[in-house]
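*Asks:* One structure, pasted below without further comment.
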Amino acid sequence: MRRLNMRLLAGTGLALVLALVAIHTWSAARLPLASYDGRVIWAFKAHVLFERGTHADELHNPDFLIPHADYPALLPLLAVEAATLLGYWSPSILAWICICAFAATLYVLWWHARQSPVSLLVVAAWGLTPAYHLIHESCIRSGTADILVGFLVLVSAVCSVRAETGQLRLLYLAAGSATLGLAAATKFDGLMWAIAFIPIGMTLGGSDREWLSRGMQTTAGCGIFAVAVAAPWLRMTMEWSAEATEPYFYRLVTGAGLFDIGRWLTHAGQMLAELLLRPDRASIPIWITILAAGFAWRRGQLDRMNRAIMATTGLFLLCLLGAFQVSPWPTGEQVPVTLYRLMSQIAPVMALVSVRAVLAMEQPVPAKGNAPVTA
């Protein structure tokens with residue numbers, strides 16, 4: 001009876017998420033993009049590409065800084081392809097791409113959780129957080145690249161989990177690395193995710209005496225493959241931004257602001273507050289992950305792949321802090337303004353950790369000395 005009630009509750013939550021997705025899909029054609037950045041950066045660039053091609057002055061001229069010429073171009077080019085198929089341009093195309101990415105993320109998480117009512121409830125809680133924002137910059141029809149990056153990072157994590165089992169290992173590694181490359185071609189945060197996947201690469205090195213050597217080889221191979229996939233897109237982006245004033249890459253290489261301790265502390269404090277104390281944005285999935293992983297760890301059922309995914313997310317946040325350090329924004333302003341969008345990248349992999357931890361806890365507790373049961 002209790003299991004039936006949990007399944008009914010989870011089903012109700014997922015039905016509500018799907019209803020909200022339908023509302024977003026309907027409203028995307030009738031309302032402007034919910035995000036300011038979606039309108040002035042991503043939609044602007046896609047519209048210029050559709051109307052005038054890659055040689056348009058607006059993509060090269062430093063006087064047109066608002067479209068951020070140094071941003072990768074995969075999302076605008078996807079929108080251009082869709083507009084070409086439709087025969088007309090509309091900003092709604094970007095919103096529909098974001099909605100499709102969110103729906104695909106929801107499906108991947110549902111697939112992993114489908115046998116467990118509690119896991120399905122976790123997926124519903126994850127989906128409701130962004131879906132209930134009908135008019136907000138963090139809603140799923142924002143038209144920004146973060147939801148697409150979140151989906152690609154989740155697919156990379158799932159491929160890593162599959163590779164860890166040893167079946168079709170090389171195929172899953174290649175697929176996960178290529179997906180990371182696409183994430184890097186979607187937004188520069190994807191490059192930070194590629195760096196942050198080092199703990200997962202090391203975990204995939206195995207558990208024998210050659211673990212370190214194999215782990216380093218796996219990490220290097222995945223990184224080289226991801227960069228190879230992203231390289232053509234990033235080269236095009238760097239050509240577009242050659243005349244821009246101090247792009248992020250330049251500031252990162254020169255270390256501008258990187259050693260300002262006060263700036264570090266301000267950004268770190270704001271990041272923790274945004275992650276843990278904002279249930280209206282994405283704190284709910286973070287707290288669910290902390291609780292699920294904590295209980296699984298106490299029971300000896302937090303497997304090494306879950307630990308690797310959590311370490312990867314922590315390393316991404318550290319890379320993100322470094323990006324905030326070299327940002328031209330005044331100290332303390334960027335984190336509250338941008339982190340809620342970046343949670344669209346972080347929350348899906350945290351939901352995957354929660355689902356796998358819950359599935360592991362539904363298995364018998366392993367005897368002392370045995371390896372934990374994995375999902």
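The values are calculated or read from the model by the stated rules, or taken from the named source; none is laboratory data. Since we're looking at a predicted model, the values are computed, not measured. Ideal geometry is used to build each Cβ from the backbone, glycine not excepted, and the neighbour counts take in all protein chains shown.
*Asks:* Among the residues in region 335-346, are any of a type in the set (Lys, Arg) and modelled with pLDDT of 80 or more?
*Replies:* No, there is no match, as no residue in region 335-346 is of a type in the set (Lys, Arg) and modelled with pLDDT of 80 or more.
*Asks:* Can you tell me how many residues in region 172-222 are closer than 19 Å to Leu154 by Cβ and either modelled with pLDDT of 85 or more or not β-branched (Val, Ile, Thr) (or both)?
*Replies:* Selection size over region 172-222: 29.
*Asks:* Within region 294-309, does at least one residue satisfy the condition of being surrounded by 19 or more Cβ atoms within 10 Å (Cβ to Cβ) and touching a Phe, Trp or Tyr at 6+ places or on another chain (Cβ under 7 Å)?
*Replies:* Looking through region 294-309, none of the residues is surrounded by 19 or more Cβ atoms within 10 Å (Cβ to Cβ) and touching a Phe, Trp or Tyr at 6+ places or on another chain (Cβ under 7 Å).
*Asks:* Just name the residue that is farthest from Ala125 (Cα to Cα) out of those in region 3-54 that are of a type in the set (D, E, K, R) and either without any contact (Cβ under 8 Å) to a residue 60 or more places away in the chain or out of contact with any Ser or Thr (no Cβ under 8 Å at 6 or more places or on another chain) (or both).
*Replies:* Arg52
*Asks:* Kindly list the number of the only condition in (1) crowded, with 17+ Cβ neighbours inside 10 Å; (2) over 21 Å from Val149 (Cα atoms); (3) at pLDDT below 85 that fails for Phe324.
*Replies:* Of (1) crowded, with 17+ Cβ neighbours inside 10 Å; (2) over 21 Å from Val149 (Cα atoms); (3) at pLDDT below 85, only one is false for Phe324: (2).
*Asks:* Does Tyr107 count as more than 21 Å from Pro72 (Cβ to Cβ), at pLDDT 85 or above and of a type in the set (Phe, Trp, Tyr)?
*Replies:* So Tyr107 fits the description; yes.
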